[in-house]
Structures are given as C-alpha cells and as structure tokens.
1. What does the net charge come to around PHE298 if you take all other residues with beta carbon closer than 15 Å to its beta carbon, with K and R at +1 and D and E at -1?
2. On a full-extension model of 0.36 nm per residue, what is the gain between PHE218 and ASP60, subtracting their alpha-carbon distance, rounded to one decimal in nm?
3. What is the sum of charges around ALA521, taking Lys and Arg as +1, Asp and Glu as -1, for the other residues whose C-beta is under 11 Å from the C-beta of ALA521?
4. Could you give the spread of the C-alpha atoms of segment 1-149 along their three principal axes, from largest to smallest, in whole angstroms?
5. Please give, to one decimal in nm, the separation of the simple spin-label points placed at GLU403 and SER314, each 7 Å out from Cα toward the Cβ.
6. For LEU57, LEU425, what's the fewest-to-most ordering of other Cβ within 10 Å of each Cβ?
7. Computed from the coordinates I sent, volume of the Cα convex hull per residue in Å³ equals one of [x] 163; [y] 153; [z] 203. Tell me the label.
8. Among DSSP bridges having both ends in the chain, what percentage is antiparallel? Round to the nearest 5.
Amino acid sequence: MPASKTIQPFSHERPVLLDMVHHNPGETPFATQFADAGRLAAHGFTGQVAKSLNFALGFDEILPGAFPANATERAWLDDLAAAKDAEIAACVRSGIDVYYHTDFFVLPRRVLELMRNEICDEAGRIDVTRPATLELYRRVLAALFKRFPNVTGIMVRVGETYLFDAPYHAGNTAVPLHDPKVPRAAQIQRYITLINFLREEICVRHGRRFIHRTWDYFADRFHADPSFYLAVTEAIEPHPLLAFSIKHTGSDFFRNSHANRCLGIGRHPQMVEVQCQREYEGKGAIPCYIARGVIDSFPEHPQRVGLRDWRRDSRYAGIFTWTRGGGWFGPYLRDEFWPELNARVLSAWQAMPSASEEDVFAHVARDAYGLDAGSASALRELALTSEDVILHGRYCMAAAELEGFRYESTNLWMRDECMGGITQLADTFAALEKAGRLDEALAEKRRAAELAAKLPAIADRITFGDPGRTAFVRWSARYAEKLFAWVAEGWPLLVLRWRDGLAGRGDTQPDLSRYEAARAAALAMSTTPSSWATGFYGHYWNWPGQPPTPGMDDSVRNPWAPPRGPVQREDWQPQTETTE
C-alpha cells in the first residue's frame with residue numbers, strides 16, 4: 001500500500017478479516033504460516049496485526065539523545081526497525097493491510113527519566129490527564145507514521161502492559177483499572193480522554209485506522225458491561241476510520257462464558273475478536289474446534305447469539321482472529337492444524353455468511369484439505385465430539401450453573417500447559433458441596449474421559465494427502481484420550497484430599513496407582529522425540545521467571561490443610577510494569 005493511498009472507512013458491506021499471531025512474550029517467536037503475509041492473503045485475510053511498532057521508534061526528532069542513547073541501544077533499535085520494515089513490505093507485496101497492536105502507555109526508560117515530572121502522576125505512572133503526556137504522544141504518533149508511512153492503522157489495548165521483549169522501555173496502563181483510588185467514573189473519563197485524543201491524531205490528523213480493543217479483564221468494565229461501554233463510546237464522535245474490537249465472550253476466551261453483551265450496541269463500528277488457538281483448551285495439542293460455536297453460539301449458552309447474528313447488524317465491521325498465541329508457555333505445536341481449521345472456517349464463512357456452518361466446514365474439508373467424503377465426515381465427527389470433551393473435561397458446568405458463584409475462577413484451574421490443584425479449586429468444591437452438586441462435577445470428568453476414548457477411532461478414519469498431517473491429527477486424538485483420563489483420575493483424589501483437610505485428617509493414604517498410571521501415559525504421549533506437541537503437566541501456572549506453583553500432582557500426592565482465612569486462588573492478573 002503506497003503511503004499516498006487513501007485508507008478506506010470501516011464498512012459493513014466490506015468487513016475486514018484481520019489476524020494477529022500473539023507470540024508468547026519473552027520467548028522465541030512461533031514458526032507459523034500465519035506470520036507470512038502472503039499466506040494470510042491466500043487464506044482470505046484482509047490485514048495483518050503485528051506487535052509493538054512503537055518499540056522500534058527512535059526519539060531523535062522528539063527528544064534528541066534520549067533513545068537510543070548508546071551503541072547497544074542503537075543496534076537493538078536498528079535491528080527491530082528493519083524487522084518492522086520487512087513485515088510492512090511483505091503486507092504491501094501481498095496486497096493486505098498492516099496494523100500494529102500496542103499497549104498504552106509504553107516509552108523508552110530514558111524518556112521517562114527526562115520527562116517524569118511532566119507526564120507522570122504522584123505514583124510514577126504515565127498520566128493521560130496531563131497535557132504534556134498527550135503532547136508527547138502527538139509527536140510520537142507523527143514520528144511513527146513518518147518513519148513507517150505504509151502502516152494502515154494502530155490497534156490500542158488498555159489494561160495490560162507486557163514488556164518482556166522491550167529491554168529499554170517501561171510503562172503502565174493508561175487507565176488505572178486496578179487502583180481503588182481511581183473510581184469507575186474517573187476510569188470512564190480517562191478512556192474518553194484517551195480515545196478522543198487517539199481518534200483526533202490517528203484518524204483525523206493522519207488518516208489512518210484506529211481500532212480500540214476493549215479487553216480489560218473485568219466483566220463490569222469497558223469490555224463486557226454495556227453501561228460502561230456506552231458511557232465511554234457515546235462520548236466519542238463516530239469517525240469512519242474508528243472501530244472497536246470486542247471479544248465474542250463476556251469474559252476471557254472461555255467456552256462457558258456468555259456472549260458479549262457489548263456487541264451490537266452503540267454508535268461505532270465493531271469487529272468481533274476470536275481466538276483460534278484456545279489457551280484454556282489445549283492450544284491445539286488436542287482436537288479443539290470452536291468455529292461452529294463462534295458462528296452459531298455454543299450449545300451450552302442459554303441465549304444463542306453468535307457471529308451470524310452480529311453480521312446482520314450495520315455496526316459489524318469484521319472479524320479479528322488470533323490464529324496463534326494467547327496465554328503463555330505451551331503446549332508447543334509441530335503442526336497447527338486445529339487453529340488453522342478454526343481460522344479457515346471463519347474465513348470461509350466471512351466470504352459466504354448466508355451458508356450454514358456445516359456447509360462451510362464441508363467446503364473447507366474438500367477444497368482446503370482435499371479430503372474425500374469419508375475423511376471429511378470423520379473430521380466433522382471428530383471436531384464436534386471434541387466440543388463436548390473440552391466442555392466437560394476442561395470446564396465444570398456444574399459450577400458454571402451455580403447462581404451467584406464466580407465460576408470464571410473455576411475455568412482457570414487448567415490453563416496453557418498447567419493443571420491446578422486444591423488451591424485453585426477449593427472455592428469451587430465448597431460451592432458445589434453446598435449445592436449438592438459435587439458428585440455431578442466428578443461425573444462430568446468421567447463423561448469427558450469416556451468421550452475422549454472414542455476420539456482415536458474417529459481420527460483413524462481421516463486421511464490427508466500429507467502423511468504428516470494425518471499422523472498429527474491421529475496423535476492429537478490419542479493425546480486427548482490420555483489427558484482426560486488423567487483428569488478423570490485426578491479430580492476424585494482432589495476432592496478426597498480437600499475433604500480430609502477440612503476434617504483435619506492428614507494421615508489418609510489413598511490409592512494413587514490409577515492416577516500415576518494415567519499421568520505417566522499422558523506424559524509419555526507428549527515427551528518423546530516423536531511427540532507432535534508438548535503437553536500438560538501436573539504443576540500450576542506461574543509468571544515467566546518464577547518457579548512453578550504446586551498444582552494437581554502436589555495436591556493428589558500430599559495431605560492438604562485449609563489456609564487461615566479465604567482460599568487464595570491463582571487468579572488472573574495483568575502483568576504490568578509501572579514506571580519507576
């Protein structure tokens with residue numbers, strides 16, 4: 001796209017299909033076809049969303065000598081800027097748009113040192129309410145578009161600030177969502193200030209697209225609360241180049257989360273955000289098909305709302321997928337078939353939205369994968385069976401149906417490559433016990449294991465033209481069988497240890513032989529040179545650089561005693577680095 005080309009408005013008639021690969025922060029980037037602009041174009045995507053263009057900006061024209069300040073910083077900046085030039089050039093050659101996703105606010109550390117008194121509050125945070133902050137960012141955006149003129153637009157996120165790949169930068173969220181001293185009304189006003197500023201600078205002054213991601217971790221804030229969303233967006237004058245990106249789920253990308261009530265309201269174009277490599281559902285190491293549920297709603301949702309419904313709304317501006325990434329760590333894949341299948345079906349449906357999801361799936365199986373009728377039918381059966389396996393093996397619907405219980409905490413017992421234990425599930429067990437539904441939760445895990453045991457026979461009926469892909473899909477089905485057999489053996493022991501702990505019994509010696517055998521079988525599937533992906537482990541999740549947190553293995557093998565005071569769950573928290 002030449003710099004002089006007029007960028008088109010967001011349009012219901014010409015919806016975008018954007019994709020982002022969310023490489024694990026601080027790790028080696030994924031080897032993936034979806035980082036290739038040419039492959040994205042071939043898959044039907046209209047644009048690529050890359051990461052952190054702002055890291056590659058030098059400050060010679062803004063604050064001379066601030067960054068880079070030495071030869072080491074100069075070499076790092078030059079290498080990163082060259083990589084961004086190559087990303088942009090690849091999109092131009094492929095005929096797709098290029099956007100850059102950035103956390104607000106992030107600046108070079110030296111810039112912060114020099115301007116701290118002008119742009120930071122008393123807590124040392126970059127402050128959107130200070131005129132000097134907006135004036136600095138006015139110059140930053142101008143310099144960014146001058147240095148990288150072929151960028152179509154900027155996508156901004158507030159609420160998290162990841163700096164694992166930025167050794168010379170620091171920053172903080174533009175809206176202090178976690179500070180009890182900043183009330184809801186003040187948070188709303190800060191969003192309004194920020195978005196109005198970015199609308200003026202990105203859309204009006206520079207003629208680029210501005211996409212604001214509403215994700216902020218809270219069910220009662222911008223992302224999922226209609227009253228909060230409207231309080232912010234109604235104060236923003238619509239602009240043809242401004243849109244909001246909203247996850248299709250009302251919380252994080254959880255199967256049992258209700259449809260996001262902020263979609264289909266307000267005055268602005270909206271795009272629906274979808275994760276294809278589900279971080280809470282195996283990350284593609286096991287069969288995981290979510291495209292049907294995204295398009296037509298998942299069967300467990302009482303109100304069936306999905307892409308098909310939002311697509312009819314005049315505000316609909318398209319889909320924003322994450323084909324790879326989300327979460328942290330593994331499992332790591334040698335074949336990305338399952339996220340690829342989700343992306344292919346969503347792309348094909350975007351091109352023919354009046355078709356049924358089943359017909360779109362058949363089209364993809366035939367035209368994209370070259371499957372004959374028998375293999376296509378088996379792939380369909382495998383995909384739909386995996387929906388039930390994941391719902392009952394990975395989640396806990398008995399807890400999700402409890403009135404007044406914050407079941408999202410239950411969803412986090414298993415994330416990325418990690419499985420939690422009693423620390424993560426004690427509140428869930430207590431709520432289920434009180435409601436008389438704990439046995440029902442254990443039955444869910446047995447049901448999931450029984451369904452997963454059927455997956456290998458289904459997968460054995462699928463043959464791709466590529467023998468490696470055939471081998472991977474069959475391996476993934478067998479790994480799911482082993483994984484959910486392990487889970488089904490673990491949950492009854494977790495409940496036993498939990499009950500013993502509450503009763504003050506610390507000397508019970510349960511039979512762990514079935515658990516250890518199931519665990520060993522699952523680990524053997526994912527830890528050999530012939531494994532197609534890394535797998536799950538019996539410890540719980542930890543931030544990068546921290547030691548693993550005890551999880552299911554520790555809880556099953558050792559007595560448990562209730563903590564003094566409320567159970568402290570390993571709950572989600574945004575990783576933010578504040579200015580120092």
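1. Surrounding charge for PHE298 is -2.
2. Working: separation 158, 0.36 × 158 = 56.88 nm, distance 3.84 nm.
Contour length minus the Cα-Cα distance gives 53.0 nm.
3. On the way: positive: ARG478, LYS482, ARG514, ARG519; negative: GLU481, GLU489, GLU516.
Around ALA521, the charge tally is +1.
4. Ordered largest first, segment 1-149 gives principal extents of 49, 36, 29 Å.
5. Result for the modelled spin labels: 4.0 nm.
6. Details: LEU57 23, LEU425 27.
In increasing order of surrounding Cβ atoms, one gets LEU57, LEU425.
7. Among [x] 163; [y] 153; [z] 203, the one derived from this structure is [y].
8. Numbers: 9 of 49 bridges.
The answer is about 20 percent antiparallel.
We did not get these values from a lab; they are worked out from the coordinates using the rules stated. Since this is a predicted model, take the numbers as computed values, not measurements. Using ideal geometry, Cβ is built from the backbone for each residue, glycine included, and neighbour counts are taken over all protein chains shown.
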